[in-house]
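Novice: Can you keep this structure in mind? I'll have questions shortly.
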Amino acid sequence: MKFFIDTANLDQIKEAQALGVLDGVTTNPSLMAKEGITGHDNIIQHYVNICEAVDGDVSAEVVSTTFDEMVAEGEALAALHPQIVVKVPMIKDGVKALRYFTDKGIRTNCTLVFSAGQALLAAKAGATYVSPFIGRLDDISTDGLNLIAEIRQIYDNYGFETQILAASVRHTMHVIDCAKIGADVMTGPLSAIEGLLKHPLTDIGLEKFLADYRKGNG
Ligand code: E4P
């Protein structure tokens, strides 16, 4: 399973990259705003900075909602850097745009996916990635992980190549459960990735090994 980090914070992106397990980055307009990245030129420069900080795909989301505008915006984003993946919302014009980008060889991430039907449409339109938002489903008492399992089954039934990018991952157990189900990618905060490190027996064991070493070696 690939690990993407879901942030526009460059320090966190660099920290995840330095860990040596990062495969890419996802951003969205809310994450950019959270970092205070506003204004067209600053946003564009920030995407380039992120691409230069990581080895891997960087999702950059369009903010237009009509086919023609999404095509123009997506083509400009894709031209910024070879690592850019154009993130397109799951709306009717978005599906048309996915097909357009696919036919042009531009890679896409279909975002705001909350049902198996939407994921099927995205795959039919040739999306590179589909992003089911599991945390936001959990927030409304709906099983987000079950959606990942449904999509996995549908894509396997028909051999769709669209990669399931489990999004809106909130914590470490989401990461583990997505891996068990067979998501191709997960995107979440640095804390969810670092949570995988933690086990009290590791800390206790290391402390004992080091104490025993010090006893014999001063
Ligand atoms: C996906 O690409 C989105 O950026 C993201 O995962 C949404 O997560 P949230 O529900 O925690 O905002």
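Novice: Out of all the residues in segment 153-183, which are of a type in the set (D, E, K, R) and surrounded by fewer than 18 Cβ atoms within 10 Å (Cβ to Cβ)? It would help to see each step written out before you state the result.
Specialist: Step one: of segment 153-183, the residues of a type in the set (D, E, K, R) are 156, 161, 170, 177, 180.
Result: ASP156, GLU161, LYS180.
Novice: For the subset of segment 174-193 comprising residues that are more than 16 Å from the ligand (Cβ to nearest atom) and touching a residue at least 24 places away in the same chain (Cβ under 8 Å), which member is farthest from LYS14 (Cα to Cα)? Talk me through it step by step, then tell me what you get.
Specialist: Filtering segment 174-193 down to residues more than 16 Å from the ligand (Cβ to nearest atom) leaves 176, 179-182.
From what is left, the residues that are touching a residue at least 24 places away in the same chain (Cβ under 8 Å) are 179, 181-182.
Values: ALA179: 24, ILE181: 28, GLY182: 27 Å.
Among residues in segment 174-193 that are more than 16 Å from the ligand (Cβ to nearest atom) and touching a residue at least 24 places away in the same chain (Cβ under 8 Å), the one farthest from LYS14 (Cα to Cα) is ILE181.
Novice: Can I ask one more? Taking ALA72 as meeting all but one of (1) assigned to a helix (DSSP H, G or I); (2) more than 16 Å from the ligand (Cβ to nearest atom); (3) touching a strand residue (DSSP E or B) at 6+ places or on another chain (Cβ under 7 Å); (4) not charged (D, E, K, R), write down the number of the exception.
Specialist: Here ALA72 clears every test but (3).
Novice: Further, regarding this structure: Please work out which one of (1) part of a helix (DSSP H, G or I); (2) surrounded by fewer than 18 Cβ atoms within 10 Å (Cβ to Cβ); (3) within 16 Å of the ligand (Cβ to nearest atom); (4) not acidic (Asp, Glu) is the condition LYS96 fails and give its number.
Specialist: That leaves (3) as the condition not met.
Novice: Which one of GLU194, GLU207 is part of a helix (DSSP H, G or I), surrounded by fewer than 17 Cβ atoms within 10 Å (Cβ to Cβ) and touching a Leu at 6+ places or on another chain (Cβ under 9 Å)? Don't jump to the end; show me each part of the working.
Specialist: On the way: GLU207 fails: touching a Leu at 6+ places or on another chain (Cβ under 9 Å).
Checking each option against the conditions leaves just GLU194.
Novice: Looking at VAL175, VAL169, which is the one that is outside any loop (DSSP other than H, G, I, E, B) and either under 17 Å from the mean Cα position of the chain (by Cα) or small (Gly, Ala, Ser) (or both)? Please lay out each step first, then the result.
Specialist: Working: VAL169 fails: outside any loop (DSSP other than H, G, I, E, B).
After ruling out the rest, the residue left standing is VAL175.
Novice: Answer yes if at least one residue in segment 116-136 is within 11 Å of the ligand (Cβ to nearest atom) and small (Gly, Ala, Ser), and no otherwise.
Specialist: Looking only at segment 116-136, we keep the residues that are within 11 Å of the ligand (Cβ to nearest atom), and these are 129-136.
Now restrict to residues that are small (Gly, Ala, Ser): 131, 135.
Yes, segment 116-136 contains at least one residue that is within 11 Å of the ligand (Cβ to nearest atom) and small (Gly, Ala, Ser).
Novice: Quick check: anything in segment 162-173 more than 16 Å from the ligand (Cβ to nearest atom), among the hydroxyl-bearing types (Ser, Thr, Tyr) and more than 30 Å from LYS198 (Cβ to Cβ)? Give the steps one after another, and end with the answer.
Specialist: So the first thing to find is which residues in segment 162-173 are more than 16 Å from the ligand (Cβ to nearest atom), and the list is none.
So far as segment 162-173 goes, no, none of its residues is more than 16 Å from the ligand (Cβ to nearest atom), among the hydroxyl-bearing types (Ser, Thr, Tyr) and more than 30 Å from LYS198 (Cβ to Cβ).
Novice: Give LEU145, LEU121, LEU137 a once-over and let me know the one that is under 20 Å from ASP103 (Cβ atoms) and not in a loop (DSSP other than H, G, I, E, B).
Specialist: Criteria check complete, one pass: LEU121.
Values quoted throughout were computed directly from the atomic coordinates according to the rules given, and no laboratory measurement underlies them. Treat the numbers as computed from the prediction; the structure is a model and nothing was measured. As a convention, Cβ positions derive from the backbone with ideal geometry for all residues, glycine included, and neighbour counts pool all protein chains shown.
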